[in-house]
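Just below is one structure, and these are the notes that go with it.
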Amino acid sequence: VIAEVAGPLVTGEVIRLLGVKDVEYSQILLIIILYVIMIVTSNVIRYFQAILLQKTGQNIIKDVREEVFVHIENLAIAQINKMPVGKLVTRVTSDTNTLNDMFTNSIVNLVRNCATIIFVIAAMFIANVKITLLILIVVPFVAVFAFVFKKISRKAYREVRTNVSNVNAFLSENISGMKITQMFNQEKKQYEDFNERNTRLNKSSLKEIITFGIFRPTMYLLYVSAIIIVLYFGSKENMADPIAFNFSLVYVFYQYVSKLFNPIQQIADQFNTIQSAFASSERIFEILDTESEIKDSE
């Protein structure tokens, strides 16, 4: 986060020094060395962060998978008979794997991106208050679109996970019982049933893609709007109350707008994984919250 925030300031300072006469070479060299140290340190930290998160995430998913399996073992036979085998397999495998992406990637990136946004806005205020306030005009629009996207996408991801489970359940039961299907010449009927479930999965997946496909360009449009604000007021010369700008400051704000919207775009991308993980967790806890009808004695 420090490297992300300090980068534009360091580069802007180099640009400013290059425009000033009698600048000592050692000043620019010191700034460049400082920037390189920050970048190298940042990448080393990210390397160890990735290893730690992957180990932690895999251990969490292992424990969840074992807990779900043991809980299914303890259910009464009548309860298990009511549940399609394919759905149970999906809970233990597919749904838990969806949670893995959230634990190993999305959560820490969400925290990092939120921290980046806060520090970038703070650095922008330090650089210039007026232009920062102008850029932040787009923030309410970002919040509104993010809220609407969250509501719509949650429903879409829930439908996708439900339809995936239905398809898996159908395949598990019918492939294992294919001999019975062939004996009674029911291939066409089974194909029609599968095609119906597969079509529902296809439609829900397309709905999920369209929802995300609308949100991402909208966020990019807001990003371009912020860039236009920077370039317009940075080059404006005949204003009644002109904003004091120089080239290095324009460059700094141009970079900061990118640094501000990049984490917002990444958060939008992570909503995909997080919403899918929430839908999977609901299905996992649906199994875990099912109490066995028969209690074993101590």
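The values are calculated or read from the model by the stated rules, or taken from the named source; none is laboratory data. Being a predicted model, the structure only gives us computed values, none of them experimental. Cβ coordinates were reconstructed from backbone atoms using ideal geometry, including for glycine residues, and neighbour counts include every protein chain displayed. Ligands, DNA and RNA are stripped out before the accessible areas are found, and what is left, the full protein with its side chains, is counted by its heavy atoms. Shrake-Rupley method; radii C 1.70, N 1.55, O 1.52, S 1.80 Å.
Selection within region 174-197: residues that are part of a helix (DSSP H, G or I) and of a type in the set (A, V, I, L, M, F, W, C). The member of this set that is farthest from residue 282 (Cα to Cα) is 183.
Among the conditions (1) farther than 17 Å from residue 269 by Cα; (2) surrounded by 19 or more Cβ atoms within 10 Å (Cβ to Cβ); (3) at pLDDT below 80, the only one that residue 106 does not satisfy is (1).
Checked against (1) of a type outside the set (A, V, I, L, M); (2) assigned to a loop (DSSP other than H, G, I, E, B); (3) at pLDDT 70 or above, residue 238 meets all criteria but (3).
Only one of the listed residues (201, 222) is modelled with pLDDT of 80 or more, among the hydrophobic types (A, V, I, L, M, F, W, C), farther than 29 Å from residue 80 by Cα and part of a helix (DSSP H, G or I). That residue is 222. Of the helices (runs of 4 or more DSSP H) entirely within region 24-137, those holding at least 2 residues that are under 30 Å from residue 176 (Cβ atoms) and of a type in the set (Val, Ile, Thr) occupy 25-73, 77-82, 85-90, 96-101.
Being among the hydrophobic types (A, V, I, L, M, F, W, C), surrounded by fewer than 13 Cβ atoms within 10 Å (Cβ to Cβ) and part of a helix (DSSP H, G or I), is that true of even one residue in region 162-173? The answer is no, given that none of the residues of region 162-173 is among the hydrophobic types (A, V, I, L, M, F, W, C), surrounded by fewer than 13 Cβ atoms within 10 Å (Cβ to Cβ) and part of a helix (DSSP H, G or I). List pairs: first residue in region 42-56 and closer than 8 Å to residue 104 by Cβ, second residue part of a helix (DSSP H, G or I) and open to solvent by less than 60 Å² (accessible area, probe 1.4 Å) anywhere in the structure, Cβ distance under 6 angstrom, at least six positions apart or on different chains. Cβ pairs passing all conditions: 53/104; 53/108; 54/104. Within region 254-298, the set of residues being closer than 30 Å to residue 220 by Cβ and aromatic (Phe, Trp, Tyr) comprises 254, 256, 261, 271, 278. Checked against the criterion of being under 28 Å from the mean Cα position of the chain (by Cα) and open to solvent by less than 40 Å² (accessible area, probe 1.4 Å), the candidates 61, 45, 51 yield just one match: 61. Quick check on region 68-84. Is at least one of its residues within 20 Å of residue 274 (Cα to Cα), of a type in the set (A, V, I, L, M) and open to solvent by less than 80 Å² (accessible area, probe 1.4 Å)? Among the residues of region 68-84, not one is within 20 Å of residue 274 (Cα to Cα), of a type in the set (A, V, I, L, M) and open to solvent by less than 80 Å² (accessible area, probe 1.4 Å), which makes the answer no.
Among the residues of region 210-218, at least one is under 30 Å from residue 279 (Cα atoms), at pLDDT 85 or above, open to solvent by 70 Å² or more (accessible area, probe 1.4 Å) and touching a helix residue (DSSP H, G or I) at 6+ places or on another chain (Cβ under 9 Å). Which pairs do you get when a residue that is within 21 Å of residue 249 (Cα to Cα) and open to solvent by 80 Å² or more (accessible area, probe 1.4 Å), found in region 126-145, comes within reach of a residue that is hydrophobic (A, V, I, L, M, F, W, C) and modelled with pLDDT of 80 or more, reach meaning Cβ atoms under 8 angstrom, with the pair 6+ apart or on two chains? Taking only residues 6 or more apart or on different chains, not a single pair turns up. Selection of first residues in region 278-290 that are assigned to a helix (DSSP H, G or I) and of second residues that are among the aromatic types (Phe, Trp, Tyr), restricted to Cβ pairs under 9 Å at least 6 apart or on distinct chains, gives the following pairs, ordered by first then second residue: 278/157; 279/157; 280/157.
Residue 163 meets the conditions (1) in contact with a Ser or Thr (Cβ under 7 Å, 6 or more places away or on another chain); (2) under 19 Å from residue 277 (Cα atoms); (3) modelled with pLDDT under 85 in every case but one. The failed one is (3).
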